[in-house]
Amino acid sequence: MTEEQRSPTGKPMVEATPMDVIRIRIGSFALVFCVAVLVLSFVGRLWVLTGIVVVIMAAIGLYMAFAVRKQKKLGGGPRSRG
C-alpha cells in the first residue's frame with residue numbers, strides 16, 4: 001500500500017474494496033428499478049413478469065448480501081471513540 005492509503009496510525013483508510021462498493025450501489029439501484037417493475041406488473045396482472053422480477057430481485061439481494069458479508073469480514077470500519 002502507498003502512504004496515501006494509510007492513516008497516521010497505520011490502519012487502512014478504506015477497508016472495503018472498490019468492487020464491493022460498486023456491487024452494493026449498482027445492486028441498490030437495480031432493486032429500486034425492480035420494485036417499480038414489480039408494482040407495475042402486479043397492477044397490470046402480468047404474472048409471468050411478476051415472477052421473473054421476483055427471481056431477479058432475489059438474485060440481486062444475494063449478490064449484495066455477499067458483498068456486505070465480505071466487507072464485514074475485512075473489518076469494522078470507523079468507530080466512535082467519544
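The values are calculated or read from the model by the stated rules, or taken from the named source; none is laboratory data. The structure displayed is predicted, hence computed values, not measured ones. All Cβ positions, glycine included, derive from the backbone under ideal geometry; neighbour counts span all protein chains shown.
Pairs are defined by a Cβ separation below 6 Å, a sequence spacing of at least 6 or placement on different chains, a first member in the range 38-67 that is closer than 20 Å to residue 19 by Cα, and a second member that is of a type in the set (Lys, Arg) and crowded, with 16+ Cβ neighbours inside 10 Å; the pairs so defined are 67/23. Would you say residue 24 is surrounded by 12 or more Cβ atoms within 10 Å (Cβ to Cβ) and modelled with pLDDT of 95 or more? No: the conditions fail for residue 24.
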